[in-house]
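Working notes, beginning with the structure itself.
The values are calculated or read from the model by the stated rules, or taken from the named source; none is laboratory data. Owing to the predicted nature of the structure, the values given are computational and were not obtained by experimental measurement. Counting neighbours? That spans all protein chains shown, and the Cβs are built from the backbone with ideal geometry, glycine included. We work out accessible area using only protein heavy atoms, side chains counted, and drop any ligands, DNA or RNA first. Shrake-Rupley method; radii C 1.70, N 1.55, O 1.52, S 1.80 Å.
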Amino acid sequence: NVNGVLSSLMEFREREWNLKGLQARDNLPEGSLLVLGNQSQLEQVLLNLLVHAEQSLTASPVKTITVSSRVIGRHVRITIEYSDHTLVADVGDPFEDQPSGSDLGLQVCRAIIQGHGGEIRLLRNLPSGSRFEVELPLHQYSQRGLGDTIDTYRRSMNAVAILIVGPDGPTQRPLRGYPGARGHR
């Protein structure tokens, strides 16, 4: 549940943000947006992006982070927007040009998100500041639906198909009835 993870992370950082004079805006919709993935890895990526945004606001007179999510097609788009108005040359890849030792590192964040079938972008020099956009495939099944899908797959993997080649004779007739009686073809 992406919204649950983001809410928990914002709550986790709230005390630190208050001490730094940073204002957080939670624009997450009601309800759950489910993605299929490793929750601890996704939590670590999202926490790293929030901390990156927080650190980018150190010298900024306006210190605002806005977190939102929404469904776009078959994806969930997570947006972490922050009021960093430092003009940055749009040269190079921000995910590759990070100093070593910076928490998890944006290049590792990218690799984790790509490993989950998603994409991550950093948009800079926007009128509102900068913005991370993370897109992950939307999990289209409820847990019950997923269980049903898995059960159907398991049944198909346990199915047996028998091919009998040769003239139809008295020996083959009993063989033809055997698989069908047990739900196979």
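Points to keep in mind about this one:
- In a DSSP loop and with at most 16 other Cβ atoms within 10 Å, the trypsin sites (Lys or Arg not before Pro) in the range 15-48 are 20.
- Probe 1.4 Å - accessible area at residue 119, Å² to nearest ten: 110 Å²
- Of 12, 132, the residue with the largest accessible area leads and the full order is 12, 132 (1.4 Å probe).
- Extension gain, residue 74 back to residue 38 (0.36 nm per residue minus Cα-Cα distance, nm): 11.1 nm
- For residue 59 and residue 18, the FRET efficiency from 1/(1 + (r/R0)^6), where r spans their Cβ atoms and R0 equals 22 Å, is about 0.75.
- Cα→Cβ-extended label distance, 7 Å offset, between residue 30 and residue 121, nm: 3.1 nm
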